[in-house]
1. What whole-number distance in Å separates the alpha-carbon centres of the range A:82-137 and the range B:85-107?
2. With an 8 Å cut-off on Cα pairs and a minimum separation of 6 or more residues, tell me the relative contact order of the range A:128-271 in percent.
3. Loop only by DSSP, 12 or fewer other Cβ within 10 Å of the Cβ. Give me the GluC sites (Glu not before Pro) in the range B:150-212 that pass, ordered by residue number.
4. Check cross-link reach from A:LYS250 to the lysines: straight Cα distance under 16 Å, and skip same-chain residues fewer than eight apart.
5. Determine the order of B:TYR235, A:TYR199 by accessible area, beginning with the largest, at a probe radius of 1.4 Å.
6. Put +1 on the Cβ of each Lys and Arg and -1 on the Cβ of each Asp and Glu in the range B:140-271; which of B:ALA140, B:ALA173, B:TRP229 then has its Cα farthest toward the positive end of the dipole?
7. Using Cα pairs closer than 8 Å and at least 6 residues apart in sequence, work out the relative contact order for the range B:199-271, in percent.
8. For a quick check of your reading of the filter: which trypsin sites (Lys or Arg not before Pro) in the range A:87-178 sit in a DSSP loop and have no more than 11 other Cβ atoms within 10 Å?
Protein chains: 2
Amino acid sequence: MIDVSTQQLTSTLSDGCAQTHAPGIPAHEHHRELEPHLESFPQPAISTQEALQRRLQQYPYQSSILRQQQPAQNLLSHSTPSDMASVPKHLNFITGNKNKLAEVQAILGGVIELRNQNVDLVEIQGTVEEVTLDKCRRAAEAVNGPVLVEDTCLCFKAMNDLPGPYIKWFMLALGPTQLHHMLDGFEDKSAQAVCTFAYCEGPGHEPVLFQGRTDGKLVASRGPTVFGWDSCFEYEGTTYAEMEKSEKNKISHRGKALDKLKEWLASNVQA
Amino acid sequence: MIDVSTQQLTSTLSDGCAQTHAPGIPAHEHHRELEPHLESFPQPAISTQEALQRRLQQYPYQSSILRQQQPAQNLLSHSTPSDMASVPKHLNFITGNKNKLAEVQAILGGVIELRNQNVDLVEIQGTVEEVTLDKCRRAAEAVNGPVLVEDTCLCFKAMNDLPGPYIKWFMLALGPTQLHHMLDGFEDKSAQAVCTFAYCEGPGHEPVLFQGRTDGKLVASRGPTVFGWDSCFEYEGTTYAEMEKSEKNKISHRGKALDKLKEWLASNVQA
């Protein structure tokens, strides 16, 4: 099994996703640098303004700031030389969700045969990309072969992109009808849905990421509440839950990520 | 390096902390069982009431419910036979926070010599206990010897004990002056501060946990804002930040955890 330290993760990310870290701050300094300010222990006194400045510079979920510099969907390219992986015709999608499997199977059907394997994997804390990369590496170790994994985030701008990868725990705690209350105390209701697929050829290989992002708003639940937070995420006046599936797939974070994945698979699957 | 799957974590926890899991649900089923309901994929339709019931039964942060059954501070005992570990006179405390090191060194000074080692460790997602146990195991692997680690959580009752182990990210995003807005949309402002120390004898050994919990309320910041969320956590009318240090140590989550750790060390340190 692989152990992934922050340092290792960072070296990996710096190949393809260095932009997800705050500029000028070596990413491996994040945990070390920030820890003193996180907990209930005495820390050197700094002004609120300075503290905010440091937080903004150092905070690892800086995508809302980065988005202004560069479109987020371009952060994860799938055309770098290191991505020229070999993909078998049969691929294991690691998920315990049969509906998810069916949906992804249907979309990728013409390109690849997706099989299912359910592996118990603990997820790490970190950025969207770190969480997915780590999960993918360990899944490849666990099945000792090529794997596909997926991770979904919901990022609130008012919370500097949190809950992000932790949204699943908040959904469990609050459910779709209460989730929007998290932003009651904040004027800015904007949210970004992020879907990240990762493919790894096998143990020791670097995963490749395919990410889709959709900007919207967190709203009081409208529409069926059976699809996670679909009823609380509004895109241009309509919640995901209120949309026709085909309409949603065109603009959704997952639709965008699957488009990239499908295109890449089409040119990389073994003949 | 050790890889810790949910399954492995669960077997460990079931020795000493089985109570932290919902009764009647095998803990290793949590991730698998819950995953289908977390994300934006079609799931079997169930009623809101049923969904809530399931969420409450399955949700891994069930300590607020458990607290009603049994005082939380008794959940983690330090007198079970498996805890009879051997503790050297010099012990590595894994932290990058010099102030934390100094404070813990001062409190444990008469009992043990605490040295510092700063190891970059990624934390996993999970319950307070899972996060600390995993961090402790990997720290022991990293330094190839005995280690002490610590983790601090802030749990909001209205969010079924979240942010919990993720509080550090929310503190970074919002800071002490904005943190209380997370509960603006909820009537219940009660919060619990949780401090968990873990000691591990070395690679392959089971860590021992020492936990302290203090019930309070999340409030608008009062007092100095230099000590993490101390200015937002009110205990019996006074925020941690407004208290004298000695007064705070008597009732604080960390004070309670350190009391247990100190007592245990005193009877386990090698003569």
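1. 41
2. Once divided by the residue count of the range A:128-271, the mean separation gives 23 percent.
3. Those that pass, being in a loop and sparsely packed, are B:GLU187.
4. List returned: A:LYS260, A:LYS262.
5. Ranked from most to least accessible, the order is B:TYR235, A:TYR199.
6. The residue sitting most towards the positive pole is B:TRP229.
7. 29
8. Listed in order of number, the matching sites are A:LYS89.
The values are calculated or read from the model by the stated rules, or taken from the named source; none is laboratory data. Quantities reported herein were computed from a predicted structural model and do not represent experimental measurements. With ideal geometry, Cβ positions are generated from the backbone for all residues, glycine too; neighbour counts draw on all protein chains shown. The accessibility values were calculated without ligands, DNA or RNA, using every heavy atom of the protein model including side chains. Shrake-Rupley method; radii C 1.70, N 1.55, O 1.52, S 1.80 Å.
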